[in-house]
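Student: One structure follows; several queries about it will come next.
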Amino acid sequence: MAEQTEKELRVRKIVQGTVIDHISPGKALIVMRLLGISESTGFPISIAINIPSSKLGKKDIIKLENIFLSESDFNKLALIAPKVTISKIQDMRIVQKSYVSIPDQIVGIVKCINPTCITNKAGEPISTKFTVLSKKPLSIKCEYCGRVMDFEEIMANLIFR
Ligand SMILES: [Zn+2]
């Protein structure tokens, strides 16, 4: 009950925007980088790291004033923070609460690990495209060269904006 009240207070501080909750502890900054959101937006951004959580033990939370996430952002979150809940806030109220799931295809989020892949050729304006072979553990296959990448390789080859 106490946690619920606390949560509501945190959310109420935003008039309109997005709250990304239940991020694995210590992952908030990489989530920000992957979403391409920085202080240069000029909007208020709050990042809380290692907050006590009944569900996860500890968690990170990001609050973004005036920023709303796209479907592509949801897919990025699914890769690195599969347990997140995303609340869309309008007029200080949660108007939409979403969960993420790993899509069947991953486009433009991960760089192919194969150096000779066509997507790695200089000047090639091809965006990477992978088919998800397995969601748990995560394993994906490049549509262009067939190279399979595991979770560690995916994390090391995320494309930051
Ligand atoms: Zn490839």
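Student: Going by what's in this entry, would PHE130 be described as among the aromatic types (Phe, Trp, Tyr), outside any loop (DSSP other than H, G, I, E, B) and under 17 Å from SER24 (Cβ atoms)?
Tutor: Judged against the criteria, PHE130 is not a match.
Student: Another question, then. Could you tell me which residue of the stretch 119-154 is farthest from the ligand (Cβ to nearest atom), considering only residues that are among the hydrophobic types (A, V, I, L, M, F, W, C) and open to solvent by less than 30 Å² (accessible area, probe 1.4 Å)?
Tutor: LEU138
Student: Now, a different point. Checking the condition within 27 Å of PHE130 (Cβ to Cβ) and open to solvent by less than 30 Å² (accessible area, probe 1.4 Å), which residue from LEU34, LEU69 passes?
Tutor: Result: LEU34 is the single residue among LEU34, LEU69 that is within 27 Å of PHE130 (Cβ to Cβ) and open to solvent by less than 30 Å² (accessible area, probe 1.4 Å).
The values are calculated or read from the model by the stated rules, or taken from the named source; none is laboratory data. Everything numeric here is computed off the predicted structure, so don't read it as measured data. FYI the Cβ positions are ideal-geometry reconstructions off the backbone, even for glycines, and counts take in every protein chain you see. Side chains included, ligands, DNA and RNA excluded: accessible areas come from the protein's heavy atoms. Shrake-Rupley method; radii C 1.70, N 1.55, O 1.52, S 1.80 Å.
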